[in-house]
Every structure is written in C-alpha cells, then in structure tokens.
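**Student:** Sharing a structure here in structure tokens format.
The values are calculated or read from the model by the stated rules, or taken from the named source; none is laboratory data. Quick caveat: nothing in here was measured; it's all calculated off a predicted structure. Don't worry about glycine lacking a Cβ; one is built from the backbone with ideal geometry, like all the others, and counts go over all protein chains shown.
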Amino acid sequence: MQTQLTISTHGPGLTEITREVADWLARIGARDGLVTLFIRHSSASLLIQENADPEVQADLTAFFHRLVPPSDDPAMAYLTHTYEGPDDMPGHIKAALLPVSLQIPVAEGRMALGTWQGIYVVEHRARPHQRHVALHFRVD
C-alpha cells in the first residue's frame, strides 16, 4: 500500500506528522509490517524526535541554524550555489545531514515508536512550503 501526504510547513522548524501517518495506517487496516516514509524534496528532511516538550524542536532548529547559517553569513562565503536565496544551499546541506527516509516497524496496527517519539518534517527553508511525503506499508 502506498500514499502521499502533503504537509504545510511554516518556515524553518519541525512539523509533526505522527498523527497523519497513524491515521493512514488505521485507514488501510495495517496490522504487522513496516512503514517507510520518504520526503520528495532536497531542502527538507524527516526526523524521529521527542514530541513531549516543544523546546526540543526549537532547540534543534536553533542548533541547525547555528551549524549551517544562511549563505549571506560570512562563515558561508565559500558557497557558490546562492542564486535561489541565502537559505537554499544551507537547506540542501541540512538535508544531506539529516535523514530523508525513515522505516518504522508496525505491530498490531500501531507504529513501534517510543513513548515520547514523534515523526517530523524538518523544513530548512526560510518560508512556508508544501512538502510531499511518500508512505509505503509492507506486510511482514
């Protein structure tokens, strides 16, 4: 079984999609198997991360901004791909560092995530985007 989710992001940061994935698994009657997620973009990522405290998502966003600042930052003067804006090439770098696909075991129709884990689209660009995440469920 396959589908695609369209996720609206709000600029840099993490957008949780755990509920959307769980709802799709319930709709298709998933039991035991494996769900694979793949983001169809080169300047966004997927991540499994804590979903209990929003400070975690804020701190991660701040860390990645500090790790890879915009291309107009003097530390990034070596970049040559700059014509799509100061957030573009840094977005590609961040997407190269973070996963663009995830695999999660499904047992009795539920993802085997930890108590405080959620699934996120990580937006690396400065403005909102529509991001597409392909989902594939495979039965054991």
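**Student:** Residue check: is residue 134 free of Cβ contacts under 8 Å to residues at least 60 places away in the same chain and small (Gly, Ala, Ser)?
**Tutor:** no
**Student:** State all residues of the range 1-41 that are modelled with pLDDT of 95 or more, among the hydrophobic types (A, V, I, L, M, F, W, C) and farther than 11 Å from residue 111 by Cα; if no residue qualifies, say none.
**Tutor:** 5, 7, 14, 17, 24, 28, 37, 38, 39 - these are the residues of the range 1-41 that are modelled with pLDDT of 95 or more, among the hydrophobic types (A, V, I, L, M, F, W, C) and farther than 11 Å from residue 111 by Cα.
**Student:** Still on this structure, please answer the following. Please state which of the following conditions residue 96 fails to meet, knowing it meets all the rest: (1) within 30 Å of residue 72 (Cβ to Cβ); (2) of a type outside the set (Val, Ile, Thr); (3) touching a residue at least 40 places away in the same chain (Cβ under 8 Å).
**Tutor:** Just one mismatch for residue 96, condition (3).
**Student:** Continuing with this model, one more query. Are any of the residues in the range 91-99 out of contact with any Lys or Arg (no Cβ under 7 Å at 6 or more places or on another chain) and within 20 Å of residue 3 (Cα to Cα)?
**Tutor:** yes
**Student:** Out of 73, 32, I need the residue that is on the phi < 0 side of the Ramachandran plot, out of contact with any strand residue (DSSP E or B) (no Cβ under 8 Å at 6 or more places or on another chain) and of a type outside the set (A, V, I, L, M, F, W, C). Which one?
**Tutor:** The unique qualifying residue is 73.
**Student:** Then there's this: Take residue 68 and tell me if it is touching a residue at least 12 places away in the same chain (Cβ under 8 Å), out of contact with any helix residue (DSSP H, G or I) (no Cβ under 9 Å at 6 or more places or on another chain) and surrounded by 19 or more Cβ atoms within 10 Å (Cβ to Cβ). Please lay out each step first, then the result.
**Tutor:** Values: touching a residue at least 12 places away in the same chain (Cβ under 8 Å): yes; out of contact with any helix residue (DSSP H, G or I) (no Cβ under 9 Å at 6 or more places or on another chain): no; surrounded by 19 or more Cβ atoms within 10 Å (Cβ to Cβ): yes.
No; evaluated as a whole, the condition is false for this residue.
**Student:** Let me confirm something: among 25, 98, 46, which residue is closer than 19 Å to residue 138 by Cα, of a type outside the set (Gly, Ala, Ser) and touching a strand residue (DSSP E or B) at 6+ places or on another chain (Cβ under 7 Å)?
**Tutor:** Answer to the selection: 25.
**Student:** Of everything in the range 17-58, what is polar (S, T, N, Q) and surrounded by 14 or more Cβ atoms within 10 Å (Cβ to Cβ)? Give them in sequence order.
**Tutor:** 18, 36, 43, 45, 49, 51, 57 - these are the residues of the range 17-58 that are polar (S, T, N, Q) and surrounded by 14 or more Cβ atoms within 10 Å (Cβ to Cβ).
**Student:** Could you please tell me which pairs satisfy a Cβ distance under 6 Å, a separation of 6+ or placement on different chains, a first residue in the range 28-48 that is farther than 16 Å from residue 125 by Cα, and a second residue that is among the small types (Gly, Ala, Ser) and in a strand (DSSP E or B)?
**Tutor:** Cβ pairs passing all conditions: 32/107; 38/101; 38/134.
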